[in-house]
1. Pairs of alpha-carbon atoms within less than 8 angstrom and 6+ residues apart define the contacts here; what relative contact order does segment B:6-164 have, in percent?
2. Roughly what angle does helix A:183-195 make with the longest principal axis of chain A, taking Cα atoms, 0 to 90 degrees, to the nearest 10?
3. Please find, in a Gaussian network model of chain B (springs between Cα atoms separated by less than 10 Å), the residue of B:44, B:99, B:118 whose mean-square fluctuation is greatest.
4. Expressed as a rounded percentage, what relative contact order does segment A:108-166 have, with Cα pairs under 8 Å and six or more residues apart?
5. Using a 10 Å cut-off on Cβ to Cβ distances, tally the other chain neighbours for every residue of A:69-77 and report the average as a whole number.
6. Rounded, prolate or oblate, given the Cα gyration tensor of segment B:11-79, with a/c below 1.5 counting as rounded?
7. Grab the eigenvalues of the alpha-carbon gyration tensor for chain B, scale each by 5, take roots, and send me the semi-axes largest first in whole angstrom.
8. Comparing A:117, A:84, A:153, which has the greatest mean-square fluctuation in the GNM of chain A with Cα pairs linked when under 10 Å apart?
Ligand SMILES: Cc1ncc(C[n+]2csc(CCOP(=O)(O)OP(=O)(O)O)c2C)c(N)n1
Ligand SMILES: [Mg+2]
């Protein structure tokens with residue numbers, strides 16, 4: 001295990017997520033529990049972002065259900081390496097459905113950041129983008145620096161998918177940016193914004 | 001004895017409910033219903049690697065305005081407990097059809113622990129449980145449970161008794 005390298009990764013997650021969500025247009029967003037949900041909120045709380053406060057391992061599958069229901073809309077899942085590791089089987093499930101409008105961005109700090117920065121399996125070089133490619137996702141990759149970030153963002157925002165990118169980000173403690181906690185409210189505002197007031 | 005009627009009854013109830021996403025980890029008892037759903041153009045079949053994926057999937061489906069159903073055997077309920085917190089906290093609709101193992105005549109002792117507590121576990125996570133052993137009522141129960149689920153919204157499970165599904169004997 002390389003226990004310190006992530007502390008000097010050049011990419012900073014708040015800026016990566018802010019760029020991913022800039023001018024988001026019609027995009028639907030699911031944010032995994034913990035730091036990714038705070039990152040998404042720091043970029044601007046939004047009715048069409050569904051931030052999770054739990055459901056660890058479920059973010060990509062929520063994205064799949066949404067992508068199948070709304071094939072005309074881009075669906076972006078932003079989640080952490082720990083969260084994605086808990087739901088690796090969903091990569092196989094997503095590959096079978098193969099929705100072109102689904103993209104998953106894993107912010108890989110090689111840590112369970114939210115619970116005290118314990119090393120995740122990716123600190124031991126487990127390659128989740130490789131697993132996604134092996135499952136059959138057509139567009140996958142790992143980005144470690146500014147080089148390649150632009151292309152990865154373009155693919156996440158628009159390429160025919162499913163798209164899966166691991167974005168190696170610095171292991172750093174960041175200020176909290178909390179979305180609403182009430183799940184009924186988060187669900188209701190998302191459906192109202194997407195489906196209209198009748199929802 | 002001819003093929004049982006109840007898979008067709010449940011299928012028609014699901015069509016009437018407007019179910020679009022059919023998520024499942026297969027059980028022998030669901031075979032006929034799965035075949036019927038797979039032949040229905042308005043339904044998308046979503047095979048899962050583990051049952052909890054289905055709870056998250058159907059939450060996403062509802063966010064996008066679609067209805068779904070989740071099929072599993074009783075052991076699969078144990079795989080779902082934490083994901084039921086998503087359903088409960090956000091009050092997502094959830095309709096689960098569970099084929100029971102571990103009831104009378106079960107020949108596989110490994111099915112007994114989960115089979116004995118399936119209903120209790122679901123109730124602990126505030127899922128409304130309908131245990132059905134009368135095959136004539138299955139279609140109707142799925143229909144009324146589904147209407148309540150999507151109108152509520154809330155969560156309900158229909159437990160299909162092992163006596164209706166048949167007992168696996170492990171004999172050639
Ligand atoms: C089922 C379950 N297990 C453990 C936890 C505790 N937990 C909350 S966030 C988290 C770590 C998430 O790590 P990661 O997805 O990598 O996000 P990061 O904060 O590193 O960006 C853990 C283990 C939980 N909430 N649920
Ligand atoms: Mg992490």
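1. Computed over segment B:6-164, the figure is 26 percent.
2. Once rounded, the angle reads 60 degrees.
3. Among B:44, B:99, B:118, the largest GNM mean-square fluctuation belongs to B:44.
4. Across segment A:108-166, relative contact order equals 30 percent.
5. Partner-chain Cβ atoms within 10 Å, mean over residues of A:69-77: 3.
6. Oblate is the answer for segment B:11-79, as a/c is 1.5 or above yet b/c matches or exceeds a/b.
7. Calculated on Cα positions only, the semi-axes equal 23, 19, 14 Å.
8. A:117
FYI, it's all coordinate maths here, none of it is from the lab. Quick caveat, the model's predicted, so the values are computed rather than measured. Please note: Cβ atoms are built from the backbone with ideal geometry, for glycine as well, and neighbour counts cover all protein chains shown.
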